[in-house]
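**Student:** Dropping a structure here in structure tokens format, bear with me for questions.
Bear in mind these aren't lab numbers, they're just calculated from the coordinates by the rules spelled out. Just so you know, these numbers come straight off a predicted model, no measurement behind them. Cβ sites come from the backbone with ideal geometry, for glycine too, and all protein chains shown count toward neighbours.
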Amino acid sequence: MIEVKGLVKNYGTLRAVDGVSFSVRCGDILGFLGPNGAGKSTTMKMITGFLRPTAGTAIVDGHDVKVNPLAVKRRIGYLAESAPAYPEMTVDEFLGFIAETRGYREEVEKRARIERVVNLCHLKSVRRQTIETLSKGYKQRVGFAQALLHDPPVLVLDEPTDGLDPNQKNEMRNIIKQMAAEKAIVLSTHILEEVEAICNRIIIIARGRVVVDETPDSLRARKPGARLDEIFYDLTRSEILS
Amino acid sequence: MSQIPPIFKREFIGYFRSPVAYVFLVVFLVASVGLAFFVGNFFKAGIASLESYFMWHTWLFVFFTAAAGMRLWAEEKRSGTMELLFTLPVTTSQAVIGKFLAAWAFLCLAILLSFPMAITVGYLGDPDWGVVGASYFGSMLMAGSFLGVCSLTSALTRNQIISFVLSVLINLVLVFLGWSVFSDLLHAALPTWLVDLLANFSYTTHFEAMKKGIIDPKDIVFFLSLGGLSLFLNVLALER
């Protein structure tokens with residue numbers, strides 16, 4: 001579903017992403033881990049076609065993001081970090097705008113699409129409120145609803161549970177898990193327990209490079225008996241200190 | 001191009017979601033009509049014409065189009081919604097055109113809201129409606145060129161104030177080049193052909209004939225090409 005091939009991104013003289021490659025199949029939930037500034041978000045932004053890679057490319061559902069970014073954008077649902085949305089719009093209007101740009105112009109289908117994600121993300125009680133008046137948790141769910149509206153085969157979620165309370169986190173994880181069977185999902189997070197709870201693959205990147213690409217079980221097997229955060233610390237420590 | 005309508009709609013409605021749009025409309029009307037009455041002698045002149053209303057438009061637009069256009073891209077960048085917009089299946093030019101048209105429509109609304117003046121003049125006297133029509137057309141066209149510059153400066157920064165100041169500066173220069181007071185000053189230093197050439201790049205020069213009711217294709221071409229160039233650079237600035 002997603003084929004990432006040697007992605008590189010330079011910001012001036014700084015190399016934020018340095019040759020990241022991996023692939024995600026349908027049914028995978030890939031947990032993207034790494035210290036702050038490791039290049040997680042930058043990699044995701046390149047996969048979604050928002051940033052142009054300096055080198056390398058990503059192929060999403062058969063479409064090269066460098067050659068045909070629009071086709072890639074049609075197939076991806078993307079939740080950006082801190083869920084940006086137009087604050088002056090109501091939830092309904094905002095989802096209506098997304099539906100229209102996603103090509104659902106007919107009133108009946110547009111309504112049906114919106115209705116589905118409003119129910120899925122439990123937004124019924126706030127749908128007539130403007131987004132600026134919503135709490136962090138609701139804003140995050142609006143961003144999630146927006147990403148799911150066109151039922152995309154690929155989901156890219158940048159810190160989807162950030163800012164949610166423990167119950168909401170759990171619920172969000174359940175929704176993601178339920179959808180996993182027919183989608184390829186990439187999510188980034190700082191929370192190691194989250195990766196254990198829902199991901200079937202882990203990629204740890206540090207300083208723009210992939211340092212680990214394996215299943216949670218084999219990661220745990222690296223140091224039997226240790227907690228995941230100890231293993232994470234061991235793997236990324238050299239990067240932090242240097 | 002089918003992606004333009006939803007972007008236009010969102011942007012246009014967005015203006016009316018904050019009191020800023022209403023404040024803008026009221027202040028623009030008060031300023032434009034006020035200048036016509038108190039400085040342009042609209043009433044005292046005793047002539048059934050709107051020339052004293054339109055004569056201030058080049059000056060007013062320097063500030064008002066900058067105010068209407070400064071948020072176009074700077075706000076998207078600051079709030080991060082640009083990332084949302086450009087991960088939707090929308091090309092940069094579609095987004096630029098959609099947002100530009102929305103802001104332009106808003107400016108046209110501000111200009112057209114002076115219609116009671118036209119009605120009054122028509123009721124009290126016998127104005128040349130051709131001239132009135134040409135002036136409205138020219139003014140709205142010119143607003144588009146001004147706005148193109150504002151949209152471009154807005155794409156260069158995430159700060160609305162910087163965008164405002166930049167576009168005021170650029171548009172002010174483009175007004176000055178054709179302003180008689182300024183070109184008299186230039187005559188002292190530069191040869192006449194150069195001063196005339198520079199004046200050709202001014203809003204003032206190209207709006208002059210339209211105010212008098214003459215719609216000259218070269219004026220239309222000037223406004224359209226200036227607007228087009230700005231929007232082209234706008235797309236480049238966003239894609240860089």
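**Student:** Taking 8 Å as the Cα distance limit and 6 or more residues as the minimum spacing, I'd like the relative contact order of region B:4-239 as a percentage.
**Tutor:** 27
**Student:** Label region B:4-239 by shape, choosing from rounded, prolate and oblate, from the square roots a ≥ b ≥ c of the eigenvalues of the Cα gyration tensor; if a/c is under 1.5 it is rounded, and otherwise prolate applies when a/b is larger than b/c, oblate when it is not.
**Tutor:** oblate
**Student:** Rank these for me by crowding, B:Trp193, B:Trp179, B:Trp104, B:Trp129, going from fewest to most other beta carbons within 10 Å.
**Tutor:** Fewest to most other Cβ atoms nearby, the residues stand as B:Trp193, B:Trp129, B:Trp179, B:Trp104.
**Student:** Find out how many positive minus negative residues lie around B:Leu141, taking Lys and Arg as positive, Asp and Glu as negative, among other residues whose Cβ is under 14 Å from that of B:Leu141.
**Tutor:** -1
**Student:** Please report the relative contact order for chain A, taking Cα pairs under 8 Å with a sequence separation of at least 6, and give it as a percent rounded to a whole number.
**Tutor:** Rounded, it is 27 percent for chain A.
**Student:** Turning to a different aspect of this structure: Quick one: 3J(HN,Hα) in Hz for region A:224-235, Karplus 6.51/-1.76/1.60 with θ = phi - 60°, rounded, Gly and Pro as x.
**Tutor:** Those phi angles translate into x, x, 7, 6, 4, 5, 5, 5, 4, 4, 4, 6 Hz.
**Student:** Can you give the mean number of other chain Cβ atoms that lie within 10 Å of the Cβ atoms in peptide A:85-95?
**Tutor:** The per-residue average across the peptide is 4.
**Student:** In chain A, what is the volume of the convex hull around the alpha carbon atoms, normalised per residue and reported in Å³?
**Tutor:** Spelled out: Cα convex hull of chain A, divided by residues, is 127 Å³.
**Student:** Hey, another quick one. Counting each pair of different Cα atoms once, what's the Kirkwood radius of the protein assembly as shown in Å, rounded to one decimal?
**Tutor:** Over the protein assembly as shown, the inverse of the mean reciprocal pair distance is 25.3 Å.
**Student:** Based on the inverse mean of 1/r over its pairs of different Cα atoms, what is the Kirkwood hydrodynamic radius of region A:1-100, in Å?
**Tutor:** Hydrodynamic radius (Kirkwood, Cα pairs) of region A:1-100 is 14.8 Å.
**Student:** Next up: For A:149-162, what's the mean count of beta carbons from other chains sitting within 10 Å of each residue's beta carbon?
**Tutor:** Mean partner shielding for this stretch: 0.
**Student:** Work out how much length B:Phe38 to B:Phe232 would gain on full extension: take 0.36 nm times their residue separation and subtract the Cα-Cα distance, in nm to one decimal.
**Tutor:** Extra length available between B:Phe38 and B:Phe232 comes to 65.9 nm.
**Student:** Roughly what % antiparallel, to the nearest 5, for the DSSP beta bridges in the protein assembly as shown?
**Tutor:** Of all bridge pairs located within the protein assembly as shown, approximately 55 percent are antiparallel.
**Student:** Among A:Tyr138, A:Tyr104, which comes first, second and so on when ranked by fewest other beta-carbon atoms within 10 Å?
**Tutor:** A:Tyr104, A:Tyr138
**Student:** Right, here's the next one. Can you list the equivalent-ellipsoid semi-axes of region B:163-240, largest first and in whole Å, using the square root of 5 times each Cα gyration tensor eigenvalue?
**Tutor:** 24, 18, 11
**Student:** With chain A treated as a Gaussian network of Cα nodes joined by springs under 10 Å, which of A:Ser23, A:Ser188, A:Ser125 yields the largest mean-square fluctuation?
**Tutor:** Result: A:Ser125 has the largest fluctuation of those listed.
**Student:** Could I have the simple spin-label model distance between B:Ile215 and B:Ala48, label points 7 Å from Cα toward Cβ, reported in nm to one decimal?
**Tutor:** Taking the simple label geometry, B:Ile215 and B:Ala48 are separated by 2.2 nm.
**Student:** Let me know the number of lysine pairs in region B:4-239 closer than 21 Å at the Cα, not counting same-chain pairs under 8 apart.
**Tutor:** Taking region B:4-239 as the scope, the lysine pair count is 5.
**Student:** Mean separation of Cα pairs under 8 Å and 6+ residues apart, divided by the residue count of region B:115-236: what relative contact order is that in percent?
**Tutor:** Result for region B:115-236 is 38 percent.
**Student:** Given 0.36 nm per residue, what is the gain on full extension from B:Ser18 to B:Leu185 after removing their alpha carbon distance, in nm?
**Tutor:** Stretched out fully, the B:Ser18 to B:Leu185 stretch lengthens by 55.8 nm.
**Student:** Another question, then. What is the count of Lys pairs in chain A whose alpha carbons sit under 16 Å apart, if the two are 8 or more places apart or on different chains?
**Tutor:** 13
**Student:** Right, something else. Give me the angle, in degrees from 0 to 90, between the Cα long axis of helix A:107-120 and the longest principal axis of the Cα atoms of chain A, rounded to the nearest 10.
**Tutor:** The answer is roughly 50 degrees.
**Student:** Of A:Val210, A:Val67, A:Val156, which has the largest mean-square fluctuation in a 10 Å C-alpha GNM of chain A?
**Tutor:** Looking only at A:Val210, A:Val67, A:Val156, the biggest GNM fluctuation is shown by A:Val67.
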